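Have a look at the structure below, then the notes.
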Amino acid sequence: MATGSARLRILFIARQYPPDMAWGGIGAYVAAMGAALAARGHEVHVLSCVEGQAKRDYVDKGVFVHDRGGLIPAEGLWNVSRKMLKGMLKIPKTLWRIEKGLGAYCEYRRLGLSVDVIEYPDWGGLGTVFAALKGRPLVATLHTPPPSAYRIPMSRDMRWAWSLVYQSCRRADVTTLTSPFHLSALKADHWDPGGNIRFIPLLIDCEEWRSSGPASCTDPIVLFAGRLERVKAPEVLVDAIALVRRKIPRATAVFVGNSGEEREGLPYLDWLKATAGDLSGCVFAGAVPREEMRTYLSRSRVLAVPSVFDVYPVASLEAMAAARPVVATRTTGTSDLIERYGCGTAIPPSDPVALADALLPYLSDPRRAAEAGERARSAVRENNDVNVIAAERETVYLEAIRRFNRMPEDI
């Protein structure tokens, strides 16, 4: 039920809905949060802006979804200007974010919705124009790691591109993060999103994952779920599973997700195959529809999150809701939850030996994996409950509305 008598009209700006593994955790968050808020009586809209996407309007789990292509008016003129700027200034990442921000805002105006509050993610600069014009109450949600987590040199283009993201968060009425861990990392990177911060964990519907069955009925399979990219460090699991197979020859690592970037001029998967010493225990499934994730989790005994940095991975919550233990690095936002409930193991990043040692107890003892999995399910029930998190989200929206109405127009 909506907070008090307030039935809010909420708009999420997103890249895709419904999400799949190619797009990652932000889409999964929007789908889950949108459905939870709609179930509580709010009018929830999602504006999905993807290049080339056909125009479509439909309702999913009570959420009004608007698929659009993210086109900018006078696109021909913009393309000419873009080529000139790209050639003179060499700022492709900055221009890409400007395009995404302009496209999302133009689609919002064409949609003609009257809403009480707009939420946008930091990723991709989708909120850039909304933040600059400040026409409605705004909530920015930080999902992505700080720039230093990507472990690549920061060019002028990248600094400008991240500056757009930074400003879209600074100018929001409220900015939400999943944990103080994330804020500490941002500040260590000299990237302070401002003072209007609220911490709200991501939500997970445990009932949605109950059909996965117990971990004790699985083969010794480790699941990796996410894009193949530097920050996720899939190569660490590749090396770790080779070590595990010396003791458990049947052990397998299944990687679900697309190449998220290039490395040394190759798509990440091709780079991984070219540089890995032993791939005999690895299966690369590519991106899969989200409904197939239940099948992959039901067949797996443990989830591995070897990321050098991961804010609050949705894959961890899904695995825990499916009663699977999680082995994650300490540079992962859910590692505190894992350690606190004893439902997995937290390890240092970039250490395949530590990852192998942490996986072995679960892969060699199905009963131990099942017991840790049950603790994992209890952890997310207590900390990531759908109704509790949705109620906290309502409070944030009402705060954003109050702050917006109190502020002068030129702020």
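Looking at the chain, the DSSP beta bridges with both ends there are about 15 percent antiparallel.
Accessible surface area normalised per residue over the stretch 123-181 is 37 Å², counting heavy atoms of protein chains with a 1.4 Å rolling probe.
Per-residue 3J(HN,Hα) values for the stretch 380-385, derived from phi via the Karplus relation 6.51 cos²θ - 1.76 cosθ + 1.60 with θ = phi - 60°, read 6, 4, 7, 10, 10, 4 Hz in sequence order (x marks Gly and Pro). For the chain, the residue among Leu126, Val386, Thr252 whose Cα projects farthest onto the positive side of the dipole built from Cβ charges is Leu126. Looking at the square roots a ≥ b ≥ c of the eigenvalues of the Cα gyration tensor of the stretch 204-342, which shape do they give, rounded for a/c under 1.5, prolate if a/b is larger than b/c, or oblate? Verdict is prolate for the stretch 204-342. Entry comment: accessible area of the stretch 280-411 is 39 Å² per residue, from protein heavy atoms only and a probe of 1.4 Å. Over the stretch 262-321, the hull volume per residue, using the convex hull of the C-alpha atoms, is 125 Å³.
Against the chain, whose longest principal axis comes from its Cα atoms, helix 352-364 is set at around 70 degrees.
Each peptide in 392-400, 270-278 was scored by the mean count of other Cβ atoms within 10 Å over its residues; highest first, the order is 392-400, 270-278. Specify which labelled value, from (i) 1.37; (ii) 0.95; (iii) 0.97, agrees with Rg/Rh (Cα atoms, Kirkwood Rh) derived from the coordinates of the model shown. Correct label is (iii). Among beta bridges identified by DSSP and lying wholly in the stretch 172-325, the antiparallel ones come to about 10 percent. Evaluated with a Cβ-only charge set (Lys, Arg +1; Asp, Glu -1), the chain carries a dipole of roughly 520 debye about its Cα centre, given to the nearest 20. Report summary: the helix-based calculation at 222 nm, which adds -39500 (n - 2.57) for every DSSP H run with n ≥ 4 and divides by the residues of the chain, gives -13000 deg cm²/dmol. Taking 21 Å as the limit for the C-alpha separation, the pairs Lys232/Lys273; Lys55/Lys100; Lys100/Lys273 exceed it in the case of Lys100/Lys273.
Just to confirm the number: angle between the C-alpha axis of helix 234-244 and the first principal axis of the chain, 0 to 90 degrees, nearest 10? The angle comes out at about 10 degrees. Label the stretch 100-147 by shape, choosing from rounded, prolate and oblate, from the square roots a ≥ b ≥ c of the eigenvalues of the Cα gyration tensor; if a/c is under 1.5 it is rounded, and otherwise prolate applies when a/b is larger than b/c, oblate when it is not. It is prolate, given that a/c is not under 1.5 and a/b is the larger ratio. Apolar share of the accessible surface for the chain: 53 percent from carbon plus sulfur atoms, 1.4 Å probe. For Thr141, the amide hydrogen comes within under 5 Å of the amide hydrogens of Tyr120, Asp122, Thr176, counting only partners 5 or more places away or on other chains and with H modelled in the peptide plane. Between the Cα long axis of helix 25-39 and the first principal axis of the chain there is an angle of about 70°, rounded to the nearest 10. Under a model in which nothing but the beta-carbon of Lys, Arg (+1) and Asp, Glu (-1) is charged, the stretch 239-306 shows a dipole of about 560 debye around its Cα centre.
Under a 5 Å amide H cut-off, with hydrogens placed 1.01 Å from N, Glu261 pairs with Tyr268 among residues at least 5 apart or on other chains.
The values are calculated or read from the model by the stated rules, or taken from the named source; none is laboratory data. Nothing here was measured: the structure is a model prediction, and the numbers come from that model. Note that we place each Cβ from the backbone using ideal geometry, even for glycine, and neighbour counts take in every protein chain shown. All accessible areas refer to the heavy atoms of the entire protein, side chains included, with ligands and DNA or RNA removed. Shrake-Rupley method; radii C 1.70, N 1.55, O 1.52, S 1.80 Å.
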